[in-house]
Structure formats: C-alpha cells, structure tokens
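Read through the structure below, which is laid out as structure tokens, and then see the notes.
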Amino acid sequence: MNPRLREWLRRYLPAELLSVVATLAGAWLTLHATGNDLRAALAGTWQVTWRTSGCF
C-alpha cells in the first residue's frame with residue numbers, strides 16, 4: 001500500500017466514518033421525530049455543513 005494513502009487512512013478515516021454515522025443518525029432521528037423527508041434531508045445537510053465549517 002502506498003505510504004501516503006496509509007497515512008491518510010490512519011489520520012482521517014476514523015473522523016470521516018464518525019462524520020457519516022453522525023449525519024445519518026441525525027437525519028434518521030429527524031425523520032422519526034417529524035415524519036418529514038425534507039426536514040430529515042435538511043438536518044443531514046446542515047450537520048455536514050456545520051461540522052465542515054467548524055473544522056476549517
């Protein structure tokens with residue numbers, strides 16, 4: 001395996017996986033709380049945007 005790829009996986013893969021899980025969980029919770037697909041999609045989108053903006 002390429003050393004640069006291995007380094008990227010070691011540094012960023014755990015955070016990426018947690019981000020995906022958190023986004024899907026938030027969208028799922030919103031869907032079940034409201035029953036509205038649009039609100040669930042917006043909640044997932046806002047979570048990704050908020051986390052990305054908070055990291056940079």
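The values are calculated or read from the model by the stated rules, or taken from the named source; none is laboratory data. Note that the structure is predicted; figures quoted are calculated from it, not measured. Note: areas computed on protein heavy atoms with side chains; ligands, DNA, RNA excluded. Shrake-Rupley method; radii C 1.70, N 1.55, O 1.52, S 1.80 Å.
Observations
- Selection status of LEU5, open to solvent by 60 Å² or more (accessible area, probe 1.4 Å) and not acidic (Asp, Glu): yes
- Which listed residue is assigned to a helix (DSSP H, G or I) and at pLDDT 95 or above, from LEU17, LEU13, LEU31: LEU31
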